[in-house]
1. With respect to the numbered conditions (1) open to solvent by 50 Å² or more (accessible area, probe 1.4 Å); (2) over 23 Å from residue A:66 (Cα atoms); (3) in contact with a helix residue (DSSP H, G or I) (Cβ under 7 Å, 6 or more places away or on another chain), which one is the sole condition not fulfilled by residue B:94?
2. Could you list, in sequence order, all residues of the stretch A:27-60 that are assigned to a loop (DSSP other than H, G, I, E, B), buried (at least 16 other Cβ atoms within 10 Å of the Cβ) and either polar (S, T, N, Q) or at the interface with another protein chain (Cβ under 9 Å from one of its Cβ atoms) (or both)?
3. Sort out which residues of the stretch B:58-80 are in contact (Cβ under 8 Å) with a residue 40 or more places away in the chain, outside any helix (DSSP H, G or I) and surrounded by fewer than 20 Cβ atoms within 10 Å (Cβ to Cβ), and write them in order of number.
4. Any chance you could count how many residues in the stretch B:78-100 are in contact with a strand residue (DSSP E or B) (Cβ under 7 Å, 6 or more places away or on another chain) and away from chain A (no Cβ under 12 Å)?
5. Go through the stretch B:35-72 and count every residue that is of a type outside the set (D, E, K, R) and under 19 Å from residue B:12 (Cα atoms).
6. Could you check residue B:33 against (1) in contact (Cβ under 8 Å) with a residue 60 or more places away in the chain; (2) surrounded by fewer than 17 Cβ atoms within 10 Å (Cβ to Cβ); (3) of a type in the set (Gly, Ala, Ser) and say which number it fails?
7. Say whether the condition of being among the β-branched types (Val, Ile, Thr), closer than 19 Å to residue A:49 by Cα and under 13 Å from the mean Cα position of the chain (by Cα) is met by at least one residue in the stretch B:33-52.
8. Just one of the numbered conditions (1) under 21 Å from residue B:83 (Cα atoms); (2) in contact with a strand residue (DSSP E or B) (Cβ under 9 Å, 6 or more places away or on another chain) is not true of residue A:52; which one?
Amino acid sequence: MPMPAADIEAMIKAALPDAEVTIDDLRGDGDHYAATVLSAAFAGKTRVQQHQMVYAALKGKMGGTLHALQLTTKAKG
Amino acid sequence: MTDANTHERIRLDVQTNDVVLYMKGTPDFPQCGFSARASQILRMCNVKYKPVDVLADAAIRQGIKDFSNWPTIPQLYVKGEFVGGSDIMTEMYQSGELQQLLADKGVATDAA
C-alpha cells in the first residue's frame with residue numbers, strides 16, 4: 001500500500017518541528033523514496049540514532065506500508 | 001514480540017561471528033536491491049562475514065528488527081554491534097569509515 005510523500009514529510013515534521021525534509025519518489029510508485037532530513041535534534045547523535053528518530057516519527061510505517069526509504073540525515077545548526 | 005529463543009539465537013550469532021549480515025536472500029542470490037548492495041559492499045571490503053537469509057527464517061526476520069530496534073533489512077553487525085542498514089553502510093563505505101571500523105575492530109580481510 002503506497003504512502004504519499006506529503007504524509008511522510010508531515011509525519012517527520014510532526015516529530016521534528018524544525019526539520020528540513022526533501023523527498024524524492026525514486027520509482028514513481030509511492031513505495032520507494034529517498035529522503036534527506038536536517039534537524040538540530042540530530043546534533044550529537046550517531047547515524048543509527050538519527051535514522052531511528054526518523055523511523056519513530058513514521059510510527060511503524062517503515063518496513064510495512066513504506067517499503068523503501070533511502071535515508072540521509074544531517075544535524076542542523 | 002520476539003521469543004527468548006530467537007533473541008538468544010541472534011545474540012549468539014552476533015557475538016560469535018565478527019561480521020554478520022542479516023539480508024533477504026543470499027550473497028549470490030540477493031532477493032532485494034538493498035540487501036544486494038549491502039553484500040556487495042562487504043565483498044568490496046574483502047571481509048569474511050556470516051550472511052543470514054531472513055527469508056528462510058520468519059522468526060529471525062521479525063526478531064532482528066526487535067533486537068536492534070531497526071525496522072528494515074539488511075542489517076550489519078560488526079563484533080556484536082549494530083552498524084546500520086544499507087544507507088548507512090553505503091555512506092560509511094563511500095567515506096572510508098566502514099573500512100576504518102573493520103580495521104579498528106581487527107576484522108580479518110579475505111585477501112590471503
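1. Exception for residue B:94: condition (3).
2. Taking the stretch A:27-60 first, the residues assigned to a loop (DSSP other than H, G, I, E, B) are A:27-31, A:43-46, A:58-60.
Those left that are additionally buried (at least 16 other Cβ atoms within 10 Å of the Cβ): A:30-31, A:58.
Within the stretch A:27-60, A:58 is the sole residue that qualifies.
3. If we filter the stretch B:58-80 for residues that are in contact (Cβ under 8 Å) with a residue 40 or more places away in the chain, which is where we start, we get B:59-60, B:62-64, B:66-67, B:73-80.
Add one more test, that the residue is outside any helix (DSSP H, G or I), and what stays is B:73-80.
Once the filter is applied, which keeps residues that are in contact (Cβ under 8 Å) with a residue 40 or more places away in the chain, outside any helix (DSSP H, G or I) and surrounded by fewer than 20 Cβ atoms within 10 Å (Cβ to Cβ), the stretch B:58-80 yields B:79, B:80.
4. Selection size over the stretch B:78-100: 1.
5. Just the residues of the stretch B:35-72 that are of a type outside the set (D, E, K, R), to begin with: B:35-36, B:38-42, B:44-47, B:49, B:51-52, B:54-56, B:58-60, B:62-64, B:67-72.
After this cut, where a residue has to be under 19 Å from residue B:12 (Cα atoms) as well, the list is B:49, B:51-52, B:54, B:56, B:58-60, B:62-64, B:67-70.
Summing the residues that are of a type outside the set (D, E, K, R) and under 19 Å from residue B:12 (Cα atoms) in the stretch B:35-72 gives 15.
6. (1)
7. As a first pass, look at the stretch B:33-52 and keep what is among the β-branched types (Val, Ile, Thr): B:41, B:47, B:52.
After this cut, where a residue has to be closer than 19 Å to residue A:49 by Cα as well, the list is none.
So far as the stretch B:33-52 goes, no, none of its residues is among the β-branched types (Val, Ile, Thr), closer than 19 Å to residue A:49 by Cα and under 13 Å from the mean Cα position of the chain (by Cα).
8. Here residue A:52 clears every test but (2).
The values are calculated or read from the model by the stated rules, or taken from the named source; none is laboratory data. All values reported here derive from a predicted model rather than from experimental measurement. Every residue, glycine as well, gets a Cβ built from its backbone with ideal geometry; the counts of neighbours run over all protein chains shown. Surface accessibility is based on the protein's heavy atoms, side chains included, excluding ligands, DNA and RNA. Shrake-Rupley method; radii C 1.70, N 1.55, O 1.52, S 1.80 Å.
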